[in-house]
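Trainee: Please see the structure below; I have some questions.
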Amino acid sequence: MQSSPNPIRILLADDHPLLRDGVSGLVADQPDMKLVAEAANGREAIDQFRKYRPDITLLDLQMPEISGIDAILAIRSNYPDARIIVLTTYTGDAQVLRALKAGAHAYLLKSALRRELLETIRAVHAGHRRIPPEVATQLAEHAADEQLTSRENRSAPANCGRER
């Protein structure tokens, strides 16, 4: 295969070498993509981003030294146009919201990488956002949840089902 004249330049940051090898292999087979750098922790991810200025950054949330969330915040504070795809095993809505609020453009479960990674990279590169249906469902289920005000909390019956 001949590579594209302007392939999508990718930085991959994950502390698991086996995952990096697998993603690297998927990307290497794509004529329109090029892995330009890898990082094994959040600090390296920030440094590699500064050095290579990739089009897309694939970033694990749980990494040594600096977390993925903190790496997103650091990268986006200096490069607001950075396009970041979070790779994670966590479907929990708190993690999704933290990543999206920090500036992630997509949230991709590691269990779906083989099926969805390449399409997600292309979509985010084209300016779209992506959240897997199972994660979006969890977000929607909790969207209507509201915290009771302190006044409502005081007047709520003790057996209302809320933990105290």
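The values are calculated or read from the model by the stated rules, or taken from the named source; none is laboratory data. Bear in mind that the values here come from a model prediction, so they are computed numbers and not experimental data. Don't worry about glycine lacking a Cβ; one is built from the backbone with ideal geometry, like all the others, and counts go over all protein chains shown.
Trainee: Got at least one residue in region 119-133 being modelled with pLDDT under 80, surrounded by fewer than 16 Cβ atoms within 10 Å (Cβ to Cβ) and over 25 Å from G22 (Cβ atoms)? Break it down stepwise before answering.
Mentor: Within region 119-133, the subset modelled with pLDDT under 80 is none.
No, every residue in region 119-133 fails to be modelled with pLDDT under 80, surrounded by fewer than 16 Cβ atoms within 10 Å (Cβ to Cβ) and over 25 Å from G22 (Cβ atoms).
Trainee: Say whether the condition of being of a type in the set (A, V, I, L, M, F, W, C), at pLDDT below 95, touching a Pro at 6+ places or on another chain (Cβ under 8 Å) and assigned to a helix (DSSP H, G or I) is met by at least one residue in region 103-114.
Mentor: Yes, that holds for at least one residue.
Trainee: Here's a follow-up. If you go through region 16-45, how many residues are among the charged types (D, E, K, R) and crowded, with 18+ Cβ neighbours inside 10 Å?
Mentor: Keep residues of region 16-45 that are among the charged types (D, E, K, R), which gives 20-21, 29, 32, 34, 38, 43-44.
Next, from what is left, pick out any that are crowded, with 18+ Cβ neighbours inside 10 Å: 20, 38, 44.
Adding up the residues that qualify gives 3.
Trainee: Here's another thing I want to ask about it. Considering only region 26-50, state which residues are farther than 19 Å from D70 by Cα, modelled with pLDDT of 95 or more and of a type outside the set (A, V, I, L, M).
Mentor: Q30, P31, D32, K34 - these are the residues of region 26-50 that are farther than 19 Å from D70 by Cα, modelled with pLDDT of 95 or more and of a type outside the set (A, V, I, L, M).
Trainee: Would you call L59 in contact (Cβ under 8 Å) with a residue 40 or more places away in the chain, crowded, with 22+ Cβ neighbours inside 10 Å, under 25 Å from P133 (Cα atoms) and not small (G, A, S)?
Mentor: Values: in contact (Cβ under 8 Å) with a residue 40 or more places away in the chain: yes; crowded, with 22+ Cβ neighbours inside 10 Å: yes; under 25 Å from P133 (Cα atoms): yes; not small (G, A, S): yes.
The answer is yes for L59.
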